[in-house]
1. Can you spot a residue in region 160-171 that is open to solvent by 100 Å² or more (accessible area, probe 1.4 Å) and more than 25 Å from Ser56 (Cβ to Cβ)?
2. Does Ile77 satisfy being under 20 Å from Arg35 (Cα atoms) and of a type in the set (Val, Ile, Thr)?
3. May I ask you to list the residues in region 42-80 that are at pLDDT below 80, open to solvent by less than 90 Å² (accessible area, probe 1.4 Å) and either touching a His at 6+ places or on another chain (Cβ under 9 Å) or farther than 30 Å from Val17 by Cα (or both)?
4. Which of the residues that make up region 27-41 are surrounded by 14 or more Cβ atoms within 10 Å (Cβ to Cβ) and at negative phi?
5. Filter region 153-174 for residues that are modelled with pLDDT under 90 and part of a loop (DSSP other than H, G, I, E, B) and give the result.
6. Could you tell me which numbered condition Ile98 fails, if it satisfies all but one of (1) under 16 Å from the mean Cα position of the chain (by Cα); (2) closer than 26 Å to Glu37 by Cβ; (3) open to solvent by less than 50 Å² (accessible area, probe 1.4 Å)?
7. Name the residues in region 6-26 that are in contact (Cβ under 8 Å) with a residue 60 or more places away in the chain and crowded, with 19+ Cβ neighbours inside 10 Å, would you?
8. Would you point out the residue of region 117-128, among those that are touching a strand residue (DSSP E or B) at 6+ places or on another chain (Cβ under 9 Å) and not in a strand (DSSP E or B), that is most open to solvent (accessible area, probe 1.4 Å)?
Amino acid sequence: NSYDEDATTVTITFENVKSQRGKIILEDNGNGMTRNEIQEKWMKPGTPNKEEQPYSNRFGRRKIGEKGIARFGLDSICRHVLIDSRVKGESDAYRLRIDWDQYTAADAMFEKIPNKLAAVPKRRKLHGLRIEMSSLRERWDDVRMLALRKDIELLLPPTGKVENFHVTVAAPEFAKFSGRLRPTFLGKAVHIFSSRLERDGTIR
């Protein structure tokens, strides 16, 4: 979703996640969501938004997210979510709180559960999304951190310089897994070849 929203930097911070009392914070410098986008797109599953607008506004990126899968994935990571959405040029950010435990009741209906959305002050030039995940459902260890790094590295655009999209992991408890992630997709190739187009049209 950060990629789809024209972010150039994404930072994932892990705080005390070896215990379930820790936090995971994902922050990007993308477009952010307006109040209407939060209500009409983010909070509604399966909207046709990315089918109707398949390319991002600023960089013309082909959008890859769909059907709100990432949003519901938060439920498997944590119980509580705090989201600050910052739209460039606006003086307020939109703060949304979600308690996933409300959705586990036997008679719970997704569209009937209220979620508090409030406006909080911000710097006008600040933009992007900040997602804070707390009350983690599981402790994190080396195995999970390594799996996360591998998954993200495979999703990164193969040529990072062209795409101008960078992801950094900040995890003091897991120093060897911290730092900027590099795309590994091309490194998985079974065969590699290079070619050159000559002036006479010959390809070598």
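1. The initial filter retains those residues of region 160-171 that are open to solvent by 100 Å² or more (accessible area, probe 1.4 Å), namely 161-162.
From what is left, the residues that are more than 25 Å from Ser56 (Cβ to Cβ) are none.
Scanning region 160-171, I find no residue that is open to solvent by 100 Å² or more (accessible area, probe 1.4 Å) and more than 25 Å from Ser56 (Cβ to Cβ), so the answer is no.
2. Details: under 20 Å from Arg35 (Cα atoms): no; of a type in the set (Val, Ile, Thr): yes.
Here the answer is no, as Ile77 does not meet what is asked.
3. Selection gives Gly46, Thr47, Pro48, Asn49, Lys50.
4. Keep residues of region 27-41 that are surrounded by 14 or more Cβ atoms within 10 Å (Cβ to Cβ), which gives 27-35, 37-39, 41.
Of everything in region 27-41, those that are surrounded by 14 or more Cβ atoms within 10 Å (Cβ to Cβ) and at negative phi turn out to be Glu27, Asp28, Asn29, Gly30, Asn31, Met33, Thr34, Arg35, Glu37, Ile38, Gln39, Lys41.
5. Leu156, Pro157, Pro158, Thr159, Asn164, listed by residue number.
6. (1)
7. Scanning region 6-26 gives Ala7, Val10, Ile12, Phe14, Val17, Ile24.
8. Keep residues of region 117-128 that are touching a strand residue (DSSP E or B) at 6+ places or on another chain (Cβ under 9 Å), which gives 117-123, 126-128.
Checking the rest, the ones that are also not in a strand (DSSP E or B) come to 122-123, 126-127.
On the way: Lys122: 32, Arg123: 166, Leu126: 47, His127: 47 Å².
So, considering only residues that are touching a strand residue (DSSP E or B) at 6+ places or on another chain (Cβ under 9 Å) and not in a strand (DSSP E or B), the one most open to solvent (accessible area, probe 1.4 Å) is Arg123.
The values are calculated or read from the model by the stated rules, or taken from the named source; none is laboratory data. Worth saying up front: this structure is predicted, and the values here are computed from it rather than measured. Glycine also receives a Cβ, built like all others from the backbone with ideal geometry; neighbour counts cover every protein chain displayed. Calculation scope for accessible area: heavy atoms of the full protein, side chains included, ligands and nucleic acids excluded. Shrake-Rupley method; radii C 1.70, N 1.55, O 1.52, S 1.80 Å.
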